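Data block below; observations after.
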Amino acid sequence: MRQLIILILLFVLAPAIAAKSNGYKVEPIGALTDEQVAETVRGALESTGLRIVGEDGKPLCEIWLRAKVPVGKNEISGAFLNQVTEGTLIGVINFLTQVTDFRGQGIKAGYYTLRYAAILADGNHLGVSVYRDFVLLSPVAQDKDPNAQLTAEEMIKLSRSAAGTNHPSPWSLVPATSSGKPPQVIKNEVEHVILELTLKTSAGEIPIGLTLVGKAEG
């Protein structure tokens with residue numbers, strides 16, 4: 001009888017144990033109100049955001065997604081978000097500590113916009129990711145129009161300012177594949193820490209994963 005009770009308890013608690021096994025937590029937070037971010041940008045975001053707490057129990061970052069991401073028919077080969085036009089604002093992230101991007105570059109704490117970009121399909125970027133989908137960071141002080149459709153060149157220039165190098169700051173996007181319901185943090189087979197989210201677009205909801213910790217192999 002005692003063994004049966006233990007088995008039942010394990011079965012009931014298993015989902016909770018699995019959800020916390022990687023040590024990361026997701027907490028809901030209110031609207032973005034910090035005036036470092038342009039009012040026009042803040043007005044384009046959802047009224048609630050998320051705070052991600054790391055394995056050490058300290059907050060890693062906060063993120064607010066765009067309330068409704070416009071989509072079109074700009075299909076990009078090799079991208080799963082192939083109806084989002086490059087240069088589109090996806091959201092705003094606030095790093096609460098220094099972090100490293102998908103290229104391994106150090107990024108200072110602070111607010112950055114996230115704009116959608118497709119990695120170049122050339123030999124220099126071969127094997128960086130299975131998908132071409134990325135967001136590039138831009139300093140919020142230099143990115144104030146949520147409806148601006150930036151060109152690749154404009155995004156790269158802004159993102160170089162975020163990285164403080166001659167290379168933009170890329171953050172890998174992947175499809176959300178876990179069986180749990182977003183938002184949640186998972187680790188994939190190569191130990192990348194991925195925040196799974198629901199992106200609201202003009203054509204419906206799309207589950208996505210944003211790689212918060214991890215870099216390109218090789």
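The values are calculated or read from the model by the stated rules, or taken from the named source; none is laboratory data. Quantities reported herein were computed from a predicted structural model and do not represent experimental measurements. Neighbour counts run over all protein chains shown; Cβ positions are idealised from the backbone, glycine included. Areas reflect the complete protein model, heavy atoms only, side chains present, ligands, DNA and RNA absent. Shrake-Rupley method; radii C 1.70, N 1.55, O 1.52, S 1.80 Å.
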Given the conditions (1) modelled with pLDDT of 95 or more; (2) farther than 23 Å from Pro170 by Cβ; (3) assigned to a loop (DSSP other than H, G, I, E, B); (4) not aromatic (Phe, Trp, Tyr), and given that Pro28 satisfies all but one, which numbered condition is not satisfied?
-> (3)
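Residues checked against (1) at pLDDT 95 or above; (2) exposed (fewer than 14 other Cβ atoms within 10 Å of the Cβ):
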position: Lys108; (1), (2): yes, yes
position: Arg115; (1), (2): yes, no
position: Leu137; (1), (2): yes, no
position: Ala176; (1), (2): no, no
position: Lys187; (1), (2): no, no
position: Gly204; (1), (2): no, yes
position: Leu212; (1), (2): yes, no
Please specify each residue of the range 68-106 satisfying the condition of being within 17 Å of Val41 (Cβ to Cβ) and open to solvent by less than 60 Å² (accessible area, probe 1.4 Å).
-> Val69, Pro70, Gly87, Thr88, Leu89, Ile90, Gly91, Val92, Ile93, Asn94, Phe95
Please find, among Ile63, Ile93, the residue that is out of contact with any His (no Cβ under 6 Å at 6 or more places or on another chain), under 19 Å from Ile156 (Cα atoms), assigned to a strand (DSSP E or B) and at pLDDT 95 or above.
-> Ile93
Pairs only if they're at least six apart or on different chains, beta carbon under 9 angstrom, first in the range 195-218 and in a loop (DSSP other than H, G, I, E, B), second basic (Lys, Arg) and surrounded by fewer than 15 Cβ atoms within 10 Å (Cβ to Cβ); list them, first residue then second.
-> Ser202/Lys68
Return the total of residues in the range 139-155 being open to solvent by 40 Å² or more (accessible area, probe 1.4 Å), part of a helix (DSSP H, G or I) and within 17 Å of Val37 (Cα to Cα).
-> 2
Determine whether the range 30-50 contains at least one residue that is of a type outside the set (A, V, I, L, M), out of contact with any helix residue (DSSP H, G or I) (no Cβ under 6 Å at 6 or more places or on another chain), under 18 Å from His192 (Cβ atoms) and surrounded by 20 or more Cβ atoms within 10 Å (Cβ to Cβ).
-> no
Name every residue in the range 186-213 that is more than 18 Å from Arg115 (Cα to Cα) and within 11 Å of the chain's Cα centre (by Cα), in order of residue number.
-> Val193, Val213
State yes or no: is Tyr111 of a type in the set (Phe, Trp, Tyr) and either under 22 Å from Glu62 (Cβ atoms) or part of a strand (DSSP E or B) (or both)?
-> yes
Residues located in the range 189-202, provided they are surrounded by fewer than 16 Cβ atoms within 10 Å (Cβ to Cβ) and either touching a helix residue (DSSP H, G or I) at 6+ places or on another chain (Cβ under 6 Å) or polar (S, T, N, Q) (or both) = Thr198, Ser202
Are there any pairs, at least 6 apart or on different chains, whose C-beta atoms fall under 6 Å, with the first in the range 27-47 and closer than 19 Å to Leu60 by Cβ and the second of a type in the set (Lys, Arg) and open to solvent by 40 Å² or more (accessible area, probe 1.4 Å), and if so, which?
-> Glu27/Arg51; Ile29/Arg51; Leu32/Arg42
First in the range 156-180 and part of a helix (DSSP H, G or I), second anywhere and of a type in the set (A, V, I, L, M, F, W, C) and modelled with pLDDT of 95 or more, Cβ under 6 Å, 6 or more apart = Ser159/Leu136; Ser159/Leu137; Ala162/Leu137
